[in-house]
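Asks: Below: one structure in structure tokens.
Derivation of every value follows stated rules applied to the coordinates shown; laboratory data play no part. Predicted, not measured: the structure shown is a model, and the values here were computed from it. Neighbour counts run over all protein chains shown; Cβ positions are idealised from the backbone, glycine included.
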Amino acid sequence: CCGALTQAELREAYRDADLVALTSYSEATGRVLVEAQAMGVPVVTYDVGGTSEALIDGVTGILVPCGDIEKLAMTVAEMIMTSRKRDSVSCMVARQFAVEHYSLTALAERHLNWYRRILGIDDKGQADRVS
């Protein structure tokens with residue numbers, strides 16, 4: 001498929017996928033990784049940019065050194081050919097990780113915490129007192 005997908009088409013594509021391989025040499029957050037994990041699809045990606053923050057290596061996905069095409073190809077092939085390797089990446093844990101770290105609620109809470117720190121507001125909503 002080419003071009004933009006509707007939300008329904010995107011969900012269907014992830015449901016049909018055995019694996020998602022993100023082969024970018026530059027990636028800020030790795031939205032594709034988060035989406036795939038939220039749908040319970042194992043991911044393989046280069047360790048570049050924010051990809052290492054978007055998954056737990058060996059648990060919710062596999063990180064490969066950036067540019068190591070041979071290692072990427074071998075990892076993808078191994079994941080496809082051997083259910084044991086694919087099963088080592090827990091789809092349920094990946095989904096839980098994505099929801100806990102990237103849901104709207106989690107992102108909103110993270111942003112609120114940043115603002116609280118910047119403004120010097122503690123967990124109880126009290127401003128830090130400066131003597």
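Asks: Cut-off 14 Å, label point 7 angstrom out along Cα-to-Cβ of ALA108: give me the residues of region 12-54 whose amide nitrogen falls inside.
Replies: Answer for region 12-54: none.
Asks: How much FRET efficiency would the formula 1/(1 + (r/R0)^6) give for TYR25 and MET81, where r is the Cβ-Cβ distance and R0 is 22 Å, rounded to 0.05?
Replies: Taking R0 as 22 Å, the efficiency between TYR25 and MET81 is 0.30.
Asks: Quick check on packing: order 62-74, 38-50 by the mean number of other C-beta atoms within 10 Å, highest mean leading.
Replies: Result, highest mean first: 38-50, 62-74.
Asks: Compute log10 of I(q)/I(0) for the chain with the Debye formula, placing one identical point scatterer on every Cα and leaving out solvent, at q = 0.10, 0.12, 0.19 Å⁻¹, to two decimals.
Replies: The Debye formula, applied to the Cα set alone, gives -0.40, -0.54, -1.05.
Asks: Between GLN96, TYR115, LEU5, whose Cα lies farthest towards the positive end of the dipole of the chain when Lys and Arg beta carbons carry +1 and Asp and Glu beta carbons carry -1, centred on the Cα centre?
Replies: TYR115
Asks: About the Cα centre, and with charges only on the beta carbon of Lys, Arg (+1) and Asp, Glu (-1), how big is the dipole of region 7-94? Nearest 20 debye, please.
Replies: Magnitude of the dipole: close to 180 debye.
Asks: Sequence gap at least 6, Cα distance under 8 Å: using those rules, report the relative contact order of the chain to the nearest whole percent.
Replies: Contact order relative to length: 21 percent.
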